[in-house]
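This report refers to the structure that appears directly beneath it.
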Amino acid sequence: MSQAAAVAGSGGGGARPRVFSGIQPSGEAHLGNYLGAIRRWVELAGDYECFFCIVDEHAITQRYEPDELPGRVTDLAVSLVAAGLDPETCTLFVQSHVPEHTELTWLFNTVTPIGDLQRMTQFKEKSLGQATVNAGLLNYPVLQAADILLYRAGLVPVGEDQRQHLELTRGVARRWNARFGDYFPEPEALIGDGGGGAGRRVLGLDGVSKMSKTSDNTIPLLAEESEIGRRVASAVTDPARVRRNDPGNPHVCNVFSLHGFFTDADERDEIEVRCQTATIGCMQCKKALTRGIADGLAPLRERAAELRANPGAVAEILAAGAERARQVAGETMHEVRRRMGLGPGAGRPA
Ligand code: TYM
């Protein structure tokens with residue numbers, strides 16, 4: 001990265017380095033989102049200039065009900081604030097409230113090779129079996145590049161599944177800079193929570209695929225203890241442990257890996273040994289996990305209940321976030337249009 005771009009990536013002029021990340025409004029967030037991304041966002045918010053975005057325009061690349069989308073956005077905003085995102089220390093906003101995202105997407109389309117988009121794993125997965133594939137699904141990562149680069153962010157905290165999209169973003173920045181002059185940083189992905197890789201790719205209740213709403217294998221972040229219990233009870237454990245007295249291998253068991261986030265070290269060590277020696281059954285282990293998740297996330301549920309009782313407060317947070325985001329986005333677009341020879345100011349000296 002050139003020095004100019006590096007400075008831009010840190011927010012410019014010695015300001016706090018800039019961070020951007022996004023999440024789709026699939027309703028309430030789940031544990032995969034939380035462990036893979038959101039809790040890291042909360043940590044970063046104090047030290048960096050952070051922009052966190054609810055990406056409703058990404059969500060419409062899949063089938064959806066327009067009447068339900070605003071509610072999904074609000075539910076997610078509640079989850080994020082309840083999880084600890086504080087509007088005093090970060091900018092939280094909705095993508096469609098800042099139209100510069102789609103404008104920059106169009107401009108970036110002109111420097112993005114189709115082949116790069118066709119190679120994206122998520123594009124291949126999501127278009128599989130569809131009779132017609134909409135162009136938005138193909139161009140999805142270009143919108144993601146625009147999200148990040150509109151704020152000239154240098155750091156992007158995400159789960160492992162977003163690594164390829166981040167590589168594409170870096171390529172977009174590189175190509176655009178080569179054509180129109182150094183302006184965008186090449187952002188770095190911050191994968192997982194940095195704690196020995198935990199949270200990079202949280203598995204779902206099936207124990208094999210990524211936890212995701214589309215796979216219907218999630219534990220919702222704000223679920224009540226009874227629902228957590230039901231979901232955890234259905235989780236797949238060590239397949240070799242068929243009977244209660246079969247010794248288990250906790251290291252191939254996703255329930256045990258979730259204990260890593262929610263159960264204190266002594267209890268976890270005990271569960272590990274008792275699973276290996278078949279002195280504890282999977283149901284007992286799952287009950288302990290249910291308790292750990294329910295207790296660990298109780299403060300989030302309480303905050304969410306307060307926020308739901310006051311929907312105006314959430315709307316205000318999002319409106320203030322959009323206003324701040326538009327300031328920065330407007331500055332970037334002014335410079336981008338000028339360099340690309342577009343808009344009424346084009347052709348005039350900088
Ligand atoms: P999305 O909405 O699928 O997920 C939001 C964040 O949660 C992480 N995540 C996971 N991490 C670990 N294990 C899991 N099972 C798991 N499931 C989800 C994701 O990696 C992500 O960090 N395309 C993005 C949204 C996006 C974006 C952006 C992200 C749009 N523009 C700009 C970063 C920067 C997506 O669909 O994330």
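Side notes on the structure shown:
Quick grid of which residues meet (1) within 12 Å of the ligand (Cβ to nearest atom); (2) of a type in the set (Gly, Ala, Ser); (3) in contact with a Pro (Cβ under 9 Å, 6 or more places away or on another chain); (4) in the same structural domain as Val133 (by TED's automatic domain parsing):
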residue: Ala77; (1), (2), (3), (4): no, yes, yes, yes
residue: Leu80; (1), (2), (3), (4): yes, no, no, yes
residue: Pro87; (1), (2), (3), (4): no, no, no, yes
residue: His97; (1), (2), (3), (4): no, no, no, yes
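- Taken over the range 209-220, the residue count meeting the criterion of being open to solvent by less than 50 Å² (accessible area, probe 1.4 Å) and within 11 Å of the ligand (Cβ to nearest atom) is 6.
- Filtered residues of the range 131-141 (kept if part of a helix (DSSP H, G or I) and open to solvent by 60 Å² or more (accessible area, probe 1.4 Å)): Ala135
- Of the residues Asp206, Asp246, the single one that is assigned to a loop (DSSP other than H, G, I, E, B), farther than 26 Å from Pro25 by Cβ and charged (D, E, K, R) is Asp246.
- Residues that are over 22 Å from Leu297 (Cα atoms), assigned to a helix (DSSP H, G or I), open to solvent by less than 70 Å² (accessible area, probe 1.4 Å) and without any contact (Cβ under 8 Å) to a residue 24 or more places away in the chain, drawn from the range 249-280: Glu272
- Qualifying residue in the range 44-57 (condition: of a type outside the set (Val, Ile, Thr), part of a helix (DSSP H, G or I) and within 23 Å of Phe261 (Cβ to Cβ)): yes
- Residue in the range 225-238 that is open to solvent by 70 Å² or more (accessible area, probe 1.4 Å), assigned to a helix (DSSP H, G or I) and not hydroxyl-bearing (Ser, Thr, Tyr) present: yes
- Put simply, of Gly330, Gly343 the only residue that is open to solvent by 20 Å² or more (accessible area, probe 1.4 Å), part of a loop (DSSP other than H, G, I, E, B) and either in contact with a helix residue (DSSP H, G or I) (Cβ under 9 Å, 6 or more places away or on another chain) or among the aromatic types (Phe, Trp, Tyr) (or both) is Gly343.
- Residue in the range 180-187 that is within 16 Å of the ligand (Cβ to nearest atom), open to solvent by less than 30 Å² (accessible area, probe 1.4 Å), of a type in the set (A, V, I, L, M, F, W, C) and under 17 Å from the mean Cα position of the chain (by Cα) present: no
- Meets criteria (buried (at least 19 other Cβ atoms within 10 Å of the Cβ) and more than 22 Å from Thr110 (Cα to Cα)) for Ala145: no
- Among the residues of the range 126-166, those that are among the polar types (S, T, N, Q) and within 11 Å of the ligand (Cβ to nearest atom) comprise Gln144, Gln162, Gln164.
- Only residues that are open to solvent by 20 Å² or more (accessible area, probe 1.4 Å) and aliphatic (A, V, I, L, M) were counted across the range 281-298, and they come to 2.
To keep it simple, each residue is scored yes or no on (1) among the polar types (S, T, N, Q); (2) within 13 Å of the ligand (Cβ to nearest atom); (3) at pLDDT 95 or above; (4) within 23 Å of Arg170 (Cα to Cα).
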| site | (1), (2), (3), (4) |
| --- | --- |
| Glu57 | no, yes, yes, yes |
| Glu65 | no, no, yes, no |
| Ala83 | no, yes, yes, no |
| Cys90 | no, no, yes, no |
| Leu104 | no, yes, yes, yes |
| Thr110 | yes, no, yes, yes |
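- All positions within the range 30-42 that are over 19 Å from Gln144 (Cα atoms) and either away from the ligand (no atom under 14 Å from the Cβ) or open to solvent by less than 10 Å² (accessible area, probe 1.4 Å) (or both): Leu31, Leu35
- The listed residues are Leu318, Leu307, and the only one of them that is in contact with a strand residue (DSSP E or B) (Cβ under 6 Å, 6 or more places away or on another chain) and open to solvent by less than 40 Å² (accessible area, probe 1.4 Å) turns out to be Leu318.
The values are calculated or read from the model by the stated rules, or taken from the named source; none is laboratory data. Note that the coordinates shown come from a computational prediction; the quantities given were computed from them, not determined experimentally. Ideal geometry is used to build each Cβ from the backbone, glycine not excepted, and the neighbour counts take in all protein chains shown. Accessible surface areas use protein heavy atoms only, side chains included; no ligands, DNA or RNA. Shrake-Rupley method; radii C 1.70, N 1.55, O 1.52, S 1.80 Å.
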